[in-house]
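Trainee: Please read through the structure below; I'll follow up with questions.
Any read-out appearing in this document is the output of simple, stated calculations on the displayed coordinates, not a laboratory observation. Nothing here was measured: the structure is a model prediction, and the numbers come from that model. Counting neighbours? That spans all protein chains shown, and the Cβs are built from the backbone with ideal geometry, glycine included.
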Amino acid sequence: MKITGSKHPEEISIISTGVEIKGNLNSAGSIRIDGKVSGNITSQQDIIFGKKAEIKGEINGVNITIGGNIDGKITSGGKIILEESAIVRGDLQAKILVVNEGAYFEGKSQMYQPERENTDSDPEK
């Protein structure tokens with residue numbers, strides 16, 4: 001898994017396997033989580049959940065890649081990728097949703113597009 005679209009690839013916070021966090025996690029940079037988090041996770045950039053990640057809480061980020069176990073609502077400003085090892089229970093909202101073969105998803109998905117600007121070249125006029 002790689003972080004896509006990160007303008008500052010050196011600004012990555014890592015929560016390793018064996019680390020457990022109880023509480024909310026907020027980051028201006030990208031995050032990679034391989035441990036356990038009970039609480040909401042918010043990043044202004046990308047979030048990667050490794051195969052051993054166990055998360056209970058809401059997730060908000062730009063591009064979100066999931067390889068572990070997530071229980072909660074996930075909101076992406078870009079793309080959500082469910083890797084073949086992903087187990088997700090919760091609703092998803094993103095512009096793009098990719099579900100790889102073998103991924104488990106239980107919930108609702110909602111796709112959205114950014115609002116388009118009105119132009120004077122409307123063909124109905």
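Trainee: For residue 63, which sequence-distant residues (separation of 5 or more, or a different chain) have an amide H within less than 5 Å of its own amide H, given hydrogens modelled in the peptide plane?
Mentor: Distant-sequence amide H within range of residue 63: 46, 47, 79.
Trainee: Quick one: 3J(HN,Hα) in Hz for region 76-89, Karplus 6.51/-1.76/1.60 with θ = phi - 60°, rounded, Gly and Pro as x.
Mentor: 10, x, x, 10, 10, 10, 9, 6, 4, 8, 6, 10, 10, 10
Trainee: Next question, about the same structure. So, counting K/R as plus one and D/E as minus one, what does the shell of residues with Cβ under 13 Å around residue 93 add up to?
Mentor: Taking every Cβ under 13 Å from that of residue 93, the sum is +2.
Trainee: While we're here: Would you mind checking which residues have amide H under 5 Å from residue 95's amide H? H placed 1.01 Å from N; only 5 or more apart, or other chain.
Mentor: For residue 95, whose amide H was placed from the backbone, the distant partners under 5 Å are 78, 112.
Trainee: Once the principal axes of the Cα atoms of region 20-60 are found, what is the range along each, listed largest first in whole angstroms?
Mentor: For region 20-60, the Cα extents along the three principal axes come out at 21, 20, 13 Å.
Trainee: Expected output is a single nm value to one decimal: the length gained when fully extending between residue 20 and residue 58, i.e. 0.36 nm times separation in residues minus the C-alpha distance. What is it?
Mentor: Answer, rounded to one decimal: 12.1 nm.
Trainee: What is the spin-label model distance, in nm, from residue 112 to residue 98 if the labels are put 7 Å beyond Cα along the C-beta direction?
Mentor: 2.2
Trainee: Give me the Debye-computed log₁₀ of I(q)/I(0) at q = 0.25 Å⁻¹ for region 12-107, equal point scatterers on Cα only, no solvent, two decimals.
Mentor: The calculated log intensity ratios at q = 0.25 Å⁻¹ are -1.43.
Trainee: Amide H neighbours of residue 40 under 5 Å, counting only residues 5+ apart in sequence or on other chains, H built in-plane at 1.01 Å?
Mentor: It is 24, 25, 58, by chain and number.
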